[in-house]
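The values are calculated or read from the model by the stated rules, or taken from the named source; none is laboratory data. Note that this is a predicted model, so its numbers are computed, not measured. Here the Cβ positions follow ideal geometry from the backbone for every residue, glycine too, while neighbour counts run over all protein chains shown. With ligands, DNA and RNA removed, areas are computed over all heavy atoms of the protein, side chains included. Shrake-Rupley method; radii C 1.70, N 1.55, O 1.52, S 1.80 Å.
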Amino acid sequence: WPVYRGETVTLRCEIQDDGGTQWTYEWRPAYRNVPKSSEYRINNVSESDRGNYGCKARSDHQITGWSSAFTLTVNGKSIFQFLIFSLTHSKVEPQKIVKFQKFHICITYYVMSRPTVTLQPNWSVVFRGETVTLRCEIQDDGGRTQWNYEWSPANRNAPTSSEYRISSVSESDSGNYWCKASGGHQNTGWSFPFRLTVRFLITPTVIQQPNWTQIYKGETVTLRCEIQDDGGTQWTYEWRPTNRNSPSSSEYRITADSSGDYKCRGRRDRFTSTQWGVIRLNVSYPHPAASLSVSPDRVQHVIDQSVTLNCSGNDSKWRVRRFTETTNPSHVQCSNWGTMHGSSCTINRLEDHSGVYWCESGSGEFSNAVNITVQLDYYDGIILLSPVHPVTERYPVTLSCRDKQQNLLSNVFFYHNDKLIHNDSKGELNIFAVSKSDEGFYKCQHSGKDSPRSWMSVRGEEEENFSIKTFSSKKKIVTIPNVLITILFYLKTYLVFFSLNNCETNLTS
């Protein structure tokens with residue numbers, strides 16, 4: 001069994017069934033340092049130590065013969081290999097051999113293993129600024145030997161213990177490290193090299209899926225945080241901007257709302273994290289294919305007045321369509337309940353015409369949707385004047401309460417989501433900088449009479465020119481037009497309003 005150069009080898013001469021005799025030993029080949037004990041230790045074995053080894057023993061009245069040859073090969077490695085040899089033992093008297101007796105002699109040898117350098121924590125990749133510990137481990141020493149350690153490369157901070165701690169590693173700490181140990185007349189020799197590689201902190205790449213060049217408000221995309229060449233590190237991920245739904249995984253699913261930067265980084269522990277990877281999402285607010293305007297420009301109307309709805313856009317064949325609670329599927333077009341002139345539809349009497357209205361072209365394009373509410377009290381009903389279209393955040397808006405002849409009423413109570421918010425002698429509610437919290441149902445009250453409820457919608461500044469998304473094939477998938485969502489929303493609003501007016505229940509959020 002071969003051993004490696006530099007290792008420590010011990011040959012042991014063992015005599016079986018000797019009855020506890022005290023022996024003196026002899027070894028060959030004989031060198032000036034050959035011991036007379038049962039153990040023959042060779043430190044830092046080299047090629048010159050290769051060859052055949054034998055032993056014999058003598059006491060006051062006995063002598064063994066030479067053991068069989070044991071061949072030591074210095075080019076491999078083995079631990080606790082046992083070889084048993086036979087020899088003859090003769091009892092000697094002066095000038096005469098009385099008898100022969102057979103003994104068993106055993107030459108054993110063991111090799112001190114090279115130490116192993118390990119890294120703690122057991123990371124395959126180390127990043128600049130981290131703290132690591134190299135550990136010199138010796139196998140099969142039974143814990144009995146007190147070792148003194150030596151490290152290479154040696155510097156002023158190199159320890160003499162089994163651990164080599166490097167705080168805040170840098171690229172200059174990259175390289176090979178060795179260790180060896182000595183103690184109790186033993187020397188392990190140098191370990192095999194351990195390669196420490198220190199890297200710069202990685203900057204992740206943020207990938208957008210699907211990889212659309214154009215993103216519209218309301219679309220869902222997935223952001224993926226990819227860290228390259230990390231050696232299989234287990235990361236915990238952080239995302240910015242953060243919210244209660246921000247994940248700790250490598251993927252972040254978002255619904256596009258506004259343009260901005262999204263960032264991610266990976267964290268290995270509380271001390272180590274990557275740089276921030278950044279991607280910018282540019283969210284567009286496309287102009288509608290058409291717009292629908294109402295004249296008079298308000299949501300609520302009285303029953304005996306006429307209303308004109310006008311479609312404008314890049315198509316010459318627009319149709320005004322609607323949905324009311326009593327709408328027959330075949331009576332959704334203006335020709336069934338009004339008069340169409342070009343792209344305009346006029347309704348001369350508004351009875352049973354409360355509902356949601358929109359424009360539609362022959363190619364399937366839609367306009368924004370608007371809600372029309374009719375005050376059915378012909379004689380002394382009041383109406384709330386509120387904007388037909390969504391109000392932009394931070395812009396001013398004025399709501400007023402009027403009678404059938406459009407006279408401004410005084411001493412009016414205004415309600416937001418059925419909660420009294422204002423009592424004005426002038427009959428107006430002024431909101432100087434609209435916010436999302438102002439969105440909701442509004443009504444006014446005068447002399448014990450209530451107007452119908454109307455929904456006021458608030459949009460962000462970036463959406464100022466945004467009303468719908470064209471119904472078209474986009475990025476190889478067909479998207480549902482926002483106008484349908486808007487229509488359904490207005491329809492829901494209308495149905496809630498209808499239910500409230502008929503059942504006289506309180507509106508809850």
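In this Cβ point-charge picture (+1 for Lys and Arg, -1 for Asp and Glu), the stretch 3-75 has a dipole of about 260 debye about its Cα centre. Working note: Karplus 6.51/-1.76/1.60 with θ = phi - 60° gives the stretch 53-68 the couplings 10, x, 9, 8, 9, 9, 10, 4, 10, 9, 8, 8, x, 6, 5, 5 Hz, where Gly and Pro are set to x. When you restrict to C-alpha pairs under 8 Å that are six or more residues apart and normalise by the size of the stretch 115-199, the relative contact order lands at 38 percent. If you sort E351, E39 by accessible surface, 1.4 Å probe, largest first, the order is E351, E39. Simple spin-label estimate for S437 and S410 gives 3.2 nm between the two label positions (7 Å along the Cα-to-Cβ direction from each Cα). 3J(HN,Hα) couplings calculated from phi for the stretch 412-420 with the Karplus curve 6.51 cos²θ - 1.76 cosθ + 1.60 (θ = phi - 60°) are, in sequence order, 10, 9, 10, 10, 10, 6, 6, 10, 5 Hz; Gly and Pro show x. Around the amide H of L429, modelled in the peptide plane, lie the amide H atoms of L399, S400, all under 5 Å away and 5 or more residues distant in sequence or on another chain. Among the protein heavy atoms of the stretch 115-199, carbon and sulfur supply 42% of the accessible surface, probe 1.4 Å, non-protein parts ignored. Annotation: H446 carries an accessible surface of approximately 40 Å², with a 1.4 Å probe and no ligand, DNA or RNA atoms counted. Here V169 sits with roughly 0 square angstrom of accessible surface, probe radius 1.4 Å. Against the criterion of solvent-accessible heavy-atom surface with a 1.4 angstrom probe, M456, M340 sort, most first, into M340, M456. To the nearest 10 square angstrom, how much accessible area does F441 have with a 1.4 angstrom probe? Here the residue's solvent-accessible area equals roughly 20 Å². In terms of modelled amide H atoms, which long-range or inter-chain residues lie less than 5 Å from the amide H of A256? It is G218, E219, T220, V221, by chain and number.
Each of N122 and I207 was given a label point 7 Å from its Cα along the Cα-to-Cβ line. The distance between the two points is 3.0 nm. For the stretch 164-259, trypsin sites (Lys or Arg not before Pro) meeting the loop criterion (DSSP other than H, G, I, E, B) and having at most 12 other Cβ atoms within 10 Å: R244.
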